[in-house]
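**Student:** Got a structure for you, written out below as C-alpha coordinates; questions coming shortly.
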Amino acid sequence: MSRTETSLSVLAGQLLVSGLSAAEMSASERRTFASGERGGVVLFKRNLTRSIIDVAKLIASVQSAMPLPALVAVDQEGGRVVRLGPPALALPAMRRLGNLGDADLLTRVACAQAKELRALGFTMSFSPVADVHTRAENPIIGDRAFAETPEAVARFAGAWADGLSQGGILTCAKHFPGHGDTTGDSHLVLPRVERSQADLDRIEIAPFRALARRPSIDAMMTAHVVYPSIDAEQPATLSRAICSDLLRTKLGFRGVLFSDDLEMKAISLSPGDAAISAIVAGCDVVLACSKAEVADEIHAALTREAEGSSAFRARCEQAFERAIAMRKRVAPTPVTDAALLAEIFAGSAPISKELDRRLAG
(Lines give C-alpha, C1' and ligand atoms only; values in the text may rest on other atoms or scores of the structure.)
Protein backbone atom coordinates (compact mmCIF):
# COMPACT_ATOMS: atom_id res chain seq x y z
CA MET A 1 0.00 0.00 0.00
CA SER A 2 1.70 3.20 -1.18
CA ARG A 3 0.92 6.73 -0.11
CA THR A 4 -1.03 7.34 -3.32
CA GLU A 5 -3.22 4.28 -2.60
CA THR A 6 -3.93 5.32 0.98
CA SER A 7 -7.23 6.91 1.99
CA LEU A 8 -7.07 9.87 4.34
CA SER A 9 -8.60 7.72 7.08
CA VAL A 10 -5.81 5.15 6.71
CA LEU A 11 -3.17 7.84 6.26
CA ALA A 12 -4.18 9.41 9.58
CA GLY A 13 -4.45 6.04 11.29
CA GLN A 14 -0.98 4.97 10.27
CA LEU A 15 0.40 7.87 12.33
CA LEU A 16 -1.30 6.51 15.47
CA VAL A 17 0.02 3.73 17.71
CA SER A 18 -2.37 2.57 20.41
CA GLY A 19 -2.59 0.11 23.26
CA LEU A 20 -4.58 -3.09 23.63
CA SER A 21 -7.06 -3.65 26.44
CA ALA A 22 -6.07 -7.19 27.45
CA ALA A 23 -3.91 -10.23 26.70
CA GLU A 24 -5.92 -10.98 23.56
CA MET A 25 -7.26 -8.74 20.83
CA SER A 26 -10.95 -7.99 21.07
CA ALA A 27 -13.17 -8.22 18.02
CA SER A 28 -13.39 -4.42 17.82
CA GLU A 29 -9.61 -4.07 18.06
CA ARG A 30 -9.18 -6.61 15.27
CA ARG A 31 -11.61 -4.68 13.06
CA THR A 32 -9.76 -1.44 13.72
CA PHE A 33 -6.39 -2.97 12.81
CA ALA A 34 -7.82 -4.63 9.73
CA SER A 35 -9.15 -1.26 8.54
CA GLY A 36 -5.58 0.10 8.41
CA GLU A 37 -6.49 2.83 10.89
CA ARG A 38 -3.64 2.07 13.30
CA GLY A 39 0.10 1.94 12.69
CA GLY A 40 0.75 -0.53 15.47
CA VAL A 41 0.57 -1.23 19.17
CA VAL A 42 2.51 -0.61 22.34
CA LEU A 43 2.12 -3.45 24.83
CA PHE A 44 2.04 -3.18 28.62
CA LYS A 45 1.92 -5.58 31.57
CA ARG A 46 -1.85 -5.95 31.13
CA ASN A 47 -1.17 -7.52 27.72
CA LEU A 48 1.75 -9.73 28.78
CA THR A 49 0.33 -11.70 31.68
CA ARG A 50 0.60 -15.15 30.09
CA SER A 51 3.43 -17.34 28.83
CA ILE A 52 5.97 -16.19 26.27
CA ILE A 53 4.35 -18.39 23.63
CA ASP A 54 1.04 -16.61 24.30
CA VAL A 55 2.79 -13.26 23.88
CA ALA A 56 4.21 -14.40 20.54
CA LYS A 57 0.77 -15.56 19.43
CA LEU A 58 -0.79 -12.25 20.47
CA ILE A 59 1.73 -10.34 18.37
CA ALA A 60 1.20 -12.74 15.47
CA SER A 61 -2.52 -11.99 15.64
CA VAL A 62 -1.84 -8.24 15.59
CA GLN A 63 0.34 -8.51 12.51
CA SER A 64 -2.06 -10.84 10.72
CA ALA A 65 -4.86 -8.32 11.21
CA MET A 66 -2.94 -5.39 9.77
CA PRO A 67 -2.56 -4.65 6.03
CA LEU A 68 0.88 -3.06 6.58
CA PRO A 69 3.87 -4.06 8.75
CA ALA A 70 2.92 -3.26 12.33
CA LEU A 71 5.02 -1.39 14.82
CA VAL A 72 4.97 -3.52 17.98
CA ALA A 73 6.67 -1.61 20.77
CA VAL A 74 7.39 -2.10 24.45
CA ASP A 75 9.02 -0.25 27.35
CA GLN A 76 11.48 -2.88 28.60
CA GLU A 77 14.17 -0.65 30.07
CA GLY A 78 15.06 -2.61 33.18
CA GLY A 79 14.71 -1.70 36.84
CA ARG A 80 11.28 -0.23 37.58
CA VAL A 81 10.26 0.08 33.93
CA VAL A 82 9.65 -3.44 32.63
CA ARG A 83 6.61 -5.05 31.03
CA LEU A 84 7.88 -8.62 30.54
CA GLY A 85 8.65 -10.81 33.53
CA PRO A 86 10.45 -14.17 33.65
CA PRO A 87 11.80 -15.87 31.62
CA ALA A 88 12.75 -12.57 29.97
CA LEU A 89 16.26 -11.34 30.74
CA ALA A 90 16.08 -9.55 34.11
CA LEU A 91 17.85 -6.20 34.09
CA PRO A 92 18.58 -3.67 36.81
CA ALA A 93 18.00 0.04 36.37
CA MET A 94 20.18 1.53 33.67
CA ARG A 95 22.05 3.59 36.26
CA ARG A 96 23.53 0.42 37.73
CA LEU A 97 24.68 -0.66 34.28
CA GLY A 98 26.10 2.77 33.54
CA ASN A 99 27.99 2.68 36.83
CA LEU A 100 29.89 -0.38 35.57
CA GLY A 101 31.48 1.89 32.97
CA ASP A 102 31.64 -0.87 30.34
CA ALA A 103 30.05 0.15 27.05
CA ASP A 104 30.87 -3.19 25.43
CA LEU A 105 29.01 -5.04 28.17
CA LEU A 106 25.97 -2.79 27.68
CA THR A 107 25.96 -3.56 23.97
CA ARG A 108 26.09 -7.31 24.59
CA VAL A 109 23.32 -7.17 27.22
CA ALA A 110 21.10 -5.08 24.95
CA CYS A 111 21.71 -7.46 22.06
CA ALA A 112 20.64 -10.42 24.21
CA GLN A 113 17.49 -8.58 25.27
CA ALA A 114 16.73 -7.65 21.67
CA LYS A 115 16.95 -11.26 20.51
CA GLU A 116 14.30 -12.19 23.07
CA LEU A 117 12.05 -9.29 22.08
CA ARG A 118 12.50 -10.07 18.39
CA ALA A 119 11.56 -13.72 18.94
CA LEU A 120 8.32 -12.62 20.57
CA GLY A 121 7.54 -10.40 17.58
CA PHE A 122 8.35 -6.99 19.02
CA THR A 123 9.84 -4.58 16.53
CA MET A 124 10.80 -1.63 18.76
CA SER A 125 12.04 -1.04 22.28
CA PHE A 126 11.24 2.45 23.55
CA SER A 127 14.84 2.88 24.67
CA PRO A 128 17.53 4.00 25.33
CA VAL A 129 16.75 6.68 27.88
CA ALA A 130 19.00 9.59 26.89
CA ASP A 131 18.04 11.90 29.74
CA VAL A 132 20.81 13.21 31.99
CA HIS A 133 19.95 12.77 35.67
CA THR A 134 20.83 16.11 37.23
CA ARG A 135 18.18 16.57 39.91
CA ALA A 136 17.90 14.19 42.86
CA GLU A 137 14.22 14.97 43.45
CA ASN A 138 13.23 14.09 39.89
CA PRO A 139 10.29 11.69 40.37
CA ILE A 140 10.21 10.09 36.93
CA ILE A 141 13.77 9.70 35.55
CA GLY A 142 16.20 9.04 38.39
CA ASP A 143 17.93 5.69 37.97
CA ARG A 144 16.38 5.20 34.53
CA ALA A 145 19.17 7.49 33.27
CA PHE A 146 22.53 5.91 32.54
CA ALA A 147 24.51 8.67 34.23
CA GLU A 148 24.69 12.21 35.56
CA THR A 149 26.86 13.69 32.80
CA PRO A 150 25.91 14.20 29.14
CA GLU A 151 29.13 12.57 27.95
CA ALA A 152 28.49 9.34 29.86
CA VAL A 153 24.80 9.26 28.87
CA ALA A 154 25.70 9.66 25.20
CA ARG A 155 28.29 6.89 25.42
CA PHE A 156 26.13 4.36 27.23
CA ALA A 157 22.86 5.18 25.45
CA GLY A 158 24.70 4.78 22.16
CA ALA A 159 26.11 1.44 23.27
CA TRP A 160 22.66 0.26 24.32
CA ALA A 161 21.16 1.31 20.98
CA ASP A 162 23.95 -0.50 19.13
CA GLY A 163 23.11 -3.72 20.98
CA LEU A 164 19.38 -3.48 20.36
CA SER A 165 20.06 -2.84 16.69
CA GLN A 166 22.44 -5.80 16.44
CA GLY A 167 19.70 -7.97 17.94
CA GLY A 168 17.20 -6.85 15.32
CA ILE A 169 15.13 -4.33 17.27
CA LEU A 170 14.35 -0.72 16.36
CA THR A 171 15.43 1.88 18.91
CA CYS A 172 13.88 5.08 20.25
CA ALA A 173 15.94 7.54 22.30
CA LYS A 174 13.87 9.46 24.85
CA HIS A 175 12.75 11.99 26.14
CA PHE A 176 13.82 14.75 23.75
CA PRO A 177 15.19 17.29 24.52
CA GLY A 178 15.75 16.01 28.08
CA HIS A 179 13.59 15.15 31.12
CA GLY A 180 16.35 14.76 33.70
CA ASP A 181 16.14 18.15 35.44
CA THR A 182 12.41 18.21 36.19
CA THR A 183 10.71 18.13 39.57
CA GLY A 184 7.37 16.91 38.22
CA ASP A 185 6.14 13.70 36.62
CA SER A 186 4.65 14.43 33.20
CA HIS A 187 2.16 11.59 33.71
CA LEU A 188 0.58 13.87 36.31
CA VAL A 189 1.64 17.50 35.71
CA LEU A 190 3.35 19.64 33.08
CA PRO A 191 7.00 20.00 34.20
CA ARG A 192 9.39 22.78 33.24
CA VAL A 193 13.16 22.89 32.81
CA GLU A 194 14.29 26.39 33.75
CA ARG A 195 17.73 26.37 32.15
CA SER A 196 19.24 28.92 29.81
CA GLN A 197 19.46 27.87 26.19
CA ALA A 198 23.23 27.57 26.53
CA ASP A 199 22.90 25.24 29.52
CA LEU A 200 20.23 23.18 27.80
CA ASP A 201 22.53 22.82 24.82
CA ARG A 202 25.45 21.78 27.03
CA ILE A 203 23.57 19.35 29.27
CA GLU A 204 20.12 18.12 28.16
CA ILE A 205 20.52 18.34 24.41
CA ALA A 206 24.12 17.09 24.21
CA PRO A 207 23.34 13.33 24.32
CA PHE A 208 20.59 13.70 21.71
CA ARG A 209 22.99 15.63 19.49
CA ALA A 210 25.45 12.76 19.74
CA LEU A 211 22.74 10.19 19.03
CA ALA A 212 20.98 12.09 16.25
CA ARG A 213 23.25 10.80 13.51
CA ARG A 214 24.08 7.42 15.06
CA PRO A 215 22.99 4.64 12.67
CA SER A 216 21.50 2.56 15.48
CA ILE A 217 19.07 5.32 16.53
CA ASP A 218 15.91 4.76 14.51
CA ALA A 219 13.60 7.11 16.39
CA MET A 220 13.28 9.57 19.23
CA MET A 221 10.43 10.37 21.60
CA THR A 222 9.46 13.82 22.81
CA ALA A 223 9.13 15.01 26.39
CA HIS A 224 5.90 16.56 27.68
CA VAL A 225 8.02 19.29 29.26
CA VAL A 226 8.20 23.07 28.76
CA TYR A 227 11.63 24.61 28.08
CA PRO A 228 11.02 28.38 28.38
CA SER A 229 14.38 29.36 26.90
CA ILE A 230 13.35 27.62 23.65
CA ASP A 231 9.54 27.81 23.69
CA ALA A 232 7.81 29.45 26.62
CA GLU A 233 4.32 28.41 25.54
CA GLN A 234 4.31 24.80 24.40
CA PRO A 235 5.70 21.53 25.78
CA ALA A 236 8.28 19.93 23.50
CA THR A 237 5.74 17.49 22.04
CA LEU A 238 3.68 20.37 20.64
CA SER A 239 6.54 22.76 19.84
CA ARG A 240 7.69 23.32 16.28
CA ALA A 241 10.72 25.17 17.67
CA ILE A 242 11.80 21.95 19.39
CA CYS A 243 10.50 19.14 17.16
CA SER A 244 11.39 20.74 13.83
CA ASP A 245 13.77 23.68 14.20
CA LEU A 246 15.94 22.11 16.89
CA LEU A 247 15.76 18.37 16.19
CA ARG A 248 15.54 18.35 12.41
CA THR A 249 17.31 21.53 11.34
CA LYS A 250 19.95 22.03 14.03
CA LEU A 251 20.66 18.44 15.08
CA GLY A 252 20.05 16.92 11.65
CA PHE A 253 17.93 14.00 12.88
CA ARG A 254 16.32 12.08 10.01
CA GLY A 255 14.61 9.26 11.90
CA VAL A 256 11.04 8.93 13.16
CA LEU A 257 9.82 11.21 15.94
CA PHE A 258 7.24 9.80 18.38
CA SER A 259 5.16 11.80 20.79
CA ASP A 260 5.05 10.51 24.33
CA ASP A 261 1.63 9.19 25.35
CA LEU A 262 -1.01 11.85 24.67
CA GLU A 263 -3.13 10.51 27.51
CA MET A 264 -0.65 11.85 30.07
CA LYS A 265 -1.93 14.72 32.22
CA ALA A 266 0.90 17.05 31.16
CA ILE A 267 -1.06 17.64 27.95
CA SER A 268 -3.99 19.96 28.61
CA LEU A 269 -5.43 19.98 25.09
CA SER A 270 -8.04 17.45 24.05
CA PRO A 271 -6.40 14.32 22.63
CA GLY A 272 -7.51 15.18 19.10
CA ASP A 273 -6.21 18.74 19.24
CA ALA A 274 -2.99 17.57 20.88
CA ALA A 275 -2.41 15.01 18.13
CA ILE A 276 -2.92 17.60 15.40
CA SER A 277 -0.57 20.01 17.15
CA ALA A 278 2.06 17.29 17.63
CA ILE A 279 2.00 16.33 13.95
CA VAL A 280 2.17 19.99 12.89
CA ALA A 281 5.08 20.53 15.28
CA GLY A 282 7.03 17.69 13.66
CA CYS A 283 6.07 14.42 15.35
CA ASP A 284 5.59 11.57 12.89
CA VAL A 285 3.72 9.15 15.16
CA VAL A 286 1.50 9.86 18.17
CA LEU A 287 0.87 7.46 21.04
CA ALA A 288 -2.43 6.77 22.79
CA CYS A 289 -1.55 3.92 25.10
CA SER A 290 -4.58 3.01 27.18
CA LYS A 291 -8.09 4.06 26.21
CA ALA A 292 -9.65 2.94 22.93
CA GLU A 293 -11.97 5.94 22.94
CA VAL A 294 -8.99 8.31 23.12
CA ALA A 295 -7.34 6.59 20.15
CA ASP A 296 -10.62 6.81 18.24
CA GLU A 297 -10.90 10.53 19.04
CA ILE A 298 -7.34 11.14 17.84
CA HIS A 299 -7.93 9.22 14.63
CA ALA A 300 -11.13 11.14 13.86
CA ALA A 301 -9.42 14.49 14.54
CA LEU A 302 -6.41 13.70 12.36
CA THR A 303 -8.66 12.51 9.54
CA ARG A 304 -10.84 15.64 9.65
CA GLU A 305 -7.80 17.89 9.66
CA ALA A 306 -6.25 16.04 6.71
CA GLU A 307 -9.54 16.38 4.81
CA GLY A 308 -9.74 20.11 5.45
CA SER A 309 -6.11 21.23 5.15
CA SER A 310 -3.81 20.44 2.25
CA ALA A 311 -0.83 21.62 4.31
CA PHE A 312 -1.69 19.22 7.12
CA ARG A 313 -2.28 16.42 4.64
CA ALA A 314 1.18 17.01 3.18
CA ARG A 315 2.69 16.87 6.68
CA CYS A 316 0.86 13.58 7.30
CA GLU A 317 2.19 12.17 4.03
CA GLN A 318 5.73 13.10 5.01
CA ALA A 319 5.28 11.47 8.43
CA PHE A 320 3.73 8.36 6.87
CA GLU A 321 6.62 7.89 4.46
CA ARG A 322 9.16 8.21 7.25
CA ALA A 323 7.30 5.89 9.62
CA ILE A 324 6.43 3.19 7.10
CA ALA A 325 9.99 3.07 5.78
CA MET A 326 11.20 2.35 9.31
CA ARG A 327 8.52 -0.26 9.96
CA LYS A 328 9.32 -2.11 6.75
CA ARG A 329 12.93 -2.52 7.91
CA VAL A 330 11.83 -4.54 10.94
CA ALA A 331 8.49 -6.30 10.58
CA PRO A 332 7.08 -8.56 13.32
CA THR A 333 8.42 -12.12 13.11
CA PRO A 334 7.09 -13.89 16.23
CA VAL A 335 8.34 -17.41 16.90
CA THR A 336 5.25 -19.45 17.69
CA ASP A 337 7.01 -22.79 18.15
CA ALA A 338 7.22 -23.23 21.93
CA ALA A 339 10.40 -25.33 21.92
CA LEU A 340 12.27 -22.95 19.62
CA LEU A 341 11.13 -19.93 21.60
CA ALA A 342 12.30 -21.52 24.85
CA GLU A 343 15.67 -22.25 23.25
CA ILE A 344 16.08 -18.62 22.21
CA PHE A 345 15.31 -17.39 25.73
CA ALA A 346 17.70 -19.96 27.22
CA GLY A 347 20.41 -18.41 25.05
CA SER A 348 20.41 -15.36 27.34
CA ALA A 349 21.73 -17.38 30.28
CA PRO A 350 25.46 -16.69 29.71
CA ILE A 351 25.08 -12.91 29.52
CA SER A 352 22.71 -13.00 32.48
CA LYS A 353 25.31 -14.82 34.58
CA GLU A 354 28.05 -12.45 33.49
CA LEU A 355 25.90 -9.46 34.35
CA ASP A 356 25.05 -10.86 37.78
CA ARG A 357 28.74 -11.44 38.44
CA ARG A 358 29.71 -7.92 37.39
CA LEU A 359 26.94 -6.32 39.44
CA ALA A 360 27.88 -8.37 42.50
CA GLY A 361 31.56 -7.42 42.16
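The values are calculated or read from the model by the stated rules, or taken from the named source; none is laboratory data. Being a predicted model, the structure only gives us computed values, none of them experimental. All Cβ positions, glycine included, derive from the backbone under ideal geometry; neighbour counts span all protein chains shown. For the accessible areas, the whole protein counts, side chains as well, though only heavy atoms, and no ligand, DNA or RNA atoms are used. Shrake-Rupley method; radii C 1.70, N 1.55, O 1.52, S 1.80 Å.
**Student:** Does any residue in region 243-257 that is under 19 Å from Ala198 (Cα atoms) and touching a residue at least 24 places away in the same chain (Cβ under 8 Å) come within less than 7 Å, Cβ to Cβ, of a residue that is surrounded by 23 or more Cβ atoms within 10 Å (Cβ to Cβ) and β-branched (Val, Ile, Thr) six or more places away or on a different chain, and which pairs are these?
**Tutor:** Listed by first residue and then by second, the contacts come to Cys243/Thr222.
**Student:** When you check Val72 against the structure, is it β-branched (Val, Ile, Thr), within 15 Å of the chain's Cα centre (by Cα) and surrounded by fewer than 24 Cβ atoms within 10 Å (Cβ to Cβ), yes or no?
**Tutor:** So Val72 does not fit the description; no.
**Student:** For Ala325, work out the one condition from (1) within 25 Å of Ala56 (Cα to Cα); (2) surrounded by 14 or more Cβ atoms within 10 Å (Cβ to Cβ) it doesn't fulfil.
**Tutor:** The number of the failed condition is (2).
**Student:** Which of the residues belonging to region 218-241 are open to solvent by 10 Å² or more (accessible area, probe 1.4 Å) and either part of a loop (DSSP other than H, G, I, E, B) or aromatic (Phe, Trp, Tyr) (or both)?
**Tutor:** Asp218, Pro228, Ser229, Ile230
**Student:** Out of all the residues in region 281-297, is one or more surrounded by fewer than 23 Cβ atoms within 10 Å (Cβ to Cβ) and closer than 30 Å to Leu105 by Cα?
**Tutor:** no
**Student:** Also, quick follow-up: Within the set of pairs 6 or more residues apart or between chains, which connect a residue that is over 14 Å from Leu15 (Cα atoms) inside region 286-300 to a residue that is open to solvent by less than 60 Å² (accessible area, probe 1.4 Å) and assigned to a strand (DSSP E or B) with Cβ atoms less than 6 Å apart?
**Tutor:** Val294/Ala288
**Student:** Report, by residue number, each residue of region 111-144 that is under 17 Å from the mean Cα position of the chain (by Cα), open to solvent by 10 Å² or more (accessible area, probe 1.4 Å), over 19 Å from Arg329 (Cβ atoms) and modelled with pLDDT of 95 or more.
**Tutor:** Arg144
**Student:** In region 31-57, how many residues are open to solvent by 10 Å² or more (accessible area, probe 1.4 Å), under 17 Å from Leu71 (Cβ atoms), in a helix (DSSP H, G or I) and out of contact with any Lys or Arg (no Cβ under 7 Å at 6 or more places or on another chain)?
**Tutor:** Qualifying residue count for the region: 1.
**Student:** Which numbered condition in (1) crowded, with 17+ Cβ neighbours inside 10 Å; (2) within 16 Å of the chain's Cα centre (by Cα) is the only one that His187 fails?
**Tutor:** Of (1) crowded, with 17+ Cβ neighbours inside 10 Å; (2) within 16 Å of the chain's Cα centre (by Cα), only one is false for His187: (1).
Residue-by-condition table, conditions (1) assigned to a helix (DSSP H, G or I); (2) touching a Leu at 6+ places or on another chain (Cβ under 6 Å); (3) open to solvent by less than 10 Å² (accessible area, probe 1.4 Å):
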{"residue": "Phe146", "(1), (2), (3)": "no, no, yes"}
{"residue": "Ala154", "(1), (2), (3)": "yes, no, no"}
{"residue": "Ala161", "(1), (2), (3)": "yes, no, yes"}
{"residue": "Ala173", "(1), (2), (3)": "no, yes, yes"}
{"residue": "Asp199", "(1), (2), (3)": "yes, no, no"}
{"residue": "Ala206", "(1), (2), (3)": "yes, no, no"}
{"residue": "Leu211", "(1), (2), (3)": "yes, no, yes"}
{"residue": "Pro215", "(1), (2), (3)": "no, no, no"}
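**Student:** Return the residues of region 337-361 that are open to solvent by 50 Å² or more (accessible area, probe 1.4 Å) and within 25 Å of the chain's Cα centre (by Cα); say none if nothing qualifies.
**Tutor:** Ile344
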